[in-house]
Amino acid sequence: SAVISQKPSRDICQRGTSLTIQCQVDSQVTMMFWYRQQPGQSLTLIATANQGSEATYESGFVIDKFPISRPNLTFSTLTVSNLSPEDSSIYLCSVEGQRRTGELFFGEGSRLTVL
Amino acid sequence: KNQVEQSPQSLIILEGKNCTLQCNYTVSPFSNLRWYKQDTGRGPVSLTIMTFSENTKSNGRYTATLDADTKQSSLHITASQLSDSASYICVVRDNAGNMLTFGGGTRLMVKP
């Protein structure tokens, strides 16, 4: 299993500003995943963060809007830039367990409200 | 396009009653299917995994079934408790690109 700490747990931001979310894992992992969960919806993968290389973004998500850092094997940040009310969501960091079963372990999530 | 559809979207039951949540998928080729429980304000936590050869698997009061022919899975909760109130998410992994497809979730509320 993996223990994942995310912060902030919640924040209220003004339109046009940015928010950076931090994710710390208690073990070294190759890939870290960032998900968005809009109100009442399920999870959508934003990007996969690999240490030492550029993040891989899913369709509909771009680096300018969601820059990601991955400085080492236990830490990553996701920035949500130029905020608009449509960015109000829960953002979750995740890592994968044993490759054989592929269980995902999630952080507690960061609830963002944009005014 | 791979899809995972869950029903019902929401459900309210009385404490002590049983309920069954459904998950239909079109993911192919199929690798495995997981049910996750997401408490309010928390990240999802895996309840059980179903692989192609498994029909039924229990985890305490939770029993998952899989019919790979009809591409359907269910999660049955027995003798529900207030702490079962959560969203239940069905996630299917394909065996080609190792991609995950998430269902929309079922929001369960157990009332005393």
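The values are calculated or read from the model by the stated rules, or taken from the named source; none is laboratory data. Bear in mind that the values here come from a model prediction, so they are computed numbers and not experimental data. A quick note on method: Cβ atoms are made from the backbone with ideal geometry, for glycine too, and the neighbour counts reach across all protein chains shown.
Kindly indicate the residue of region A:39-62 that is in a loop (DSSP other than H, G, I, E, B) and under 13 Å from the mean Cα position of the chain (by Cα) and also surrounded by the most Cβ atoms within 10 Å (Cβ to Cβ) among those meeting that condition.
A:ALA55
Being within 14 Å of chain B (Cβ to nearest Cβ), surrounded by 22 or more Cβ atoms within 10 Å (Cβ to Cβ) and of a type outside the set (A, V, I, L, M) is the filter here; which residues of region A:66-95 pass it?
Matches in region A:66-95: A:TYR91, A:CYS93, A:SER94.
What strands (runs of 3 or more DSSP E) lie completely within region B:28-79 and have 1 or more residues being away from every other protein chain (no Cβ under 12 Å)?
B:30-38, B:56-59, B:62-67, B:72-77
Here's the yes/no breakdown for (1) touching a residue at least 40 places away in the same chain (Cβ under 8 Å); (2) within 20 Å of B:THR101 (Cα to Cα); (3) not aliphatic (A, V, I, L, M):
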{"residue": "A:ILE4", "(1), (2), (3)": "yes, no, no"}
{"residue": "A:LYS7", "(1), (2), (3)": "yes, no, yes"}
{"residue": "A:ASP26", "(1), (2), (3)": "yes, no, yes"}
{"residue": "A:VAL29", "(1), (2), (3)": "yes, no, no"}
{"residue": "A:MET32", "(1), (2), (3)": "yes, yes, no"}
{"residue": "A:ARG36", "(1), (2), (3)": "yes, yes, yes"}
{"residue": "A:ALA49", "(1), (2), (3)": "no, yes, no"}
{"residue": "A:TYR57", "(1), (2), (3)": "no, yes, yes"}
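Before we move on, is B:TYR25 modelled with pLDDT of 95 or more and over 23 Å from B:MET109 (Cα atoms)?
Yes: the conditions hold for B:TYR25.
Look through region A:6-22, keep the residues that are assigned to a strand (DSSP E or B) and within 11 Å of chain B (Cβ to nearest Cβ), and return whichever of them is surrounded by the most Cβ atoms within 10 Å (Cβ to Cβ).
A:GLN6
Within region A:73-87, can one find any residue that is part of a loop (DSSP other than H, G, I, E, B), of a type in the set (Gly, Ala, Ser), closer than 15 Å to A:LEU43 by Cα and in contact (Cβ under 8 Å) with a residue 12 or more places away in the chain?
Taking every residue of region A:73-87 in turn, none turns out to be part of a loop (DSSP other than H, G, I, E, B), of a type in the set (Gly, Ala, Ser), closer than 15 Å to A:LEU43 by Cα and in contact (Cβ under 8 Å) with a residue 12 or more places away in the chain.
Filter region B:80-112 for residues that are more than 11 Å from every other protein chain (Cβ to nearest Cβ), part of a loop (DSSP other than H, G, I, E, B) and surrounded by 15 or more Cβ atoms within 10 Å (Cβ to Cβ) and give the result.
B:SER80, B:SER85 - these are the residues of region B:80-112 that are more than 11 Å from every other protein chain (Cβ to nearest Cβ), part of a loop (DSSP other than H, G, I, E, B) and surrounded by 15 or more Cβ atoms within 10 Å (Cβ to Cβ).
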